[in-house]
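Below is one structure, written out as structure tokens; comments come after it.
The values are calculated or read from the model by the stated rules, or taken from the named source; none is laboratory data. A quick note: this is a predicted structure, and the numbers were derived from the prediction, not measured. FYI the Cβ positions are ideal-geometry reconstructions off the backbone, even for glycines, and counts take in every protein chain you see.
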Amino acid sequence: NAGVMQNPRHLVRRRGQEARLRCSPMKGHSHVYWYRQLPEEGLKFMVYLQKENIIDESGMPKERFSAEFPKEGPSILRIQQVVRGDSAAYFCASSPIRDREAFFGQGTRLTVV
Amino acid sequence: DQQVKQNSPSLSVQEGRISILNCDYTNSMFDYFLWYKKYPAEGPTFLISISSIKDKNEDGRFTVFLNKSAKHLSLHIVPSQPGDSAVYFCAASGPNMDSNYQLIWGAGTKLIIKP
């Protein structure tokens, strides 16, 4: 049973480009969470999704950021028109039960140049 | 507004001694607490959790204590080993006025085990 898979591990984008981060949850997990870790800071919740539904996106910036978890395929975190301040590590986690222990992927480190 | 606080950014402990990591929270609605461990360039790994109906949970070298009246929890690692050197995050869960679900995280404490 593979763990949570995130790709790419590292992503470099120029200002104004789009970044697409992928997350495949653990088998059998229908709850997916995205977190962002800025340098020298803790994890910040961004969005919580179940299959085909966004349950809670209260931590996600209102503009340029979107997330989806389609019926088939991985969850996608999409950042349009990236800016330098978007540079961070983005972690995806999944859990079999809402609101309890989540298993994390290794993260995608986004660098905006 | 930091609902979960880890006031010590770092902690240095001698190998073999006890490591105590602390976490304070402000929201009395939190009913479940978790500790995660994170190595550089890796995702956090779940370590141990505790429900608000308990005041102690033990798993091998790791014990979490919860003091609800003080809104404080701590993670004890004994004996500390070099492989325990990592950043430890405290997280809390429960109903939130603003959202249906949110795991609230502390900023982390970097634990360094000295040989």
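Among A:G16, A:G28, which is the only one that is at positive phi, surrounded by fewer than 21 Cβ atoms within 10 Å (Cβ to Cβ) and at pLDDT 95 or above?
Selected residue: A:G16, the only one of A:G16, A:G28 that is at positive phi, surrounded by fewer than 21 Cβ atoms within 10 Å (Cβ to Cβ) and at pLDDT 95 or above.
Among (1) in contact with a Gly (Cβ under 6 Å, 6 or more places away or on another chain); (2) at pLDDT 95 or above; (3) not aliphatic (A, V, I, L, M), where does A:S75 come up short?
(1)
When the range B:33-42 is examined, which residues are found to be modelled with pLDDT under 90 and either more than 9 Å from chain A (Cβ to nearest Cβ) or buried (at least 17 other Cβ atoms within 10 Å of the Cβ) (or both)?
B:P40
Mind listing just one residue for me: the one in the range A:72-113 that is among the polar types (S, T, N, Q), outside any strand (DSSP E or B) and closer than 24 Å to B:Y36 by Cα and, of those, nearest to the other protein chains (Cβ to nearest Cβ)?
Out of the qualifying residues, it is A:Q106.
Taking the range B:57-96 only, how many residues are over 17 Å from B:F46 (Cα atoms), surrounded by 14 or more Cβ atoms within 10 Å (Cβ to Cβ) and within 14 Å of another protein chain (Cβ to nearest Cβ)?
Number of matching residues: 2.
Quick check: is even one residue across the range A:3-18 under 23 Å from B:T45 (Cβ atoms), assigned to a loop (DSSP other than H, G, I, E, B) and more than 12 Å from chain B (Cβ to nearest Cβ)?
Yes: the range A:3-18 contains one or more residues that are under 23 Å from B:T45 (Cβ atoms), assigned to a loop (DSSP other than H, G, I, E, B) and more than 12 Å from chain B (Cβ to nearest Cβ).
Could you say whether any residue in the range A:6-13 is modelled with pLDDT of 90 or more and either β-branched (V, I, T) or in contact with a Cys (Cβ under 7 Å, 6 or more places away or on another chain) (or both)?
The answer is yes, given that some residue of the range A:6-13 is modelled with pLDDT of 90 or more and either β-branched (V, I, T) or in contact with a Cys (Cβ under 7 Å, 6 or more places away or on another chain) (or both).
Restricting attention to the range A:34-71, which residues are within 11 Å of chain B (Cβ to nearest Cβ), assigned to a loop (DSSP other than H, G, I, E, B) and surrounded by fewer than 16 Cβ atoms within 10 Å (Cβ to Cβ)?
Within the range A:34-71, A:L38, A:E40, A:E41, A:S58 meet the criteria.
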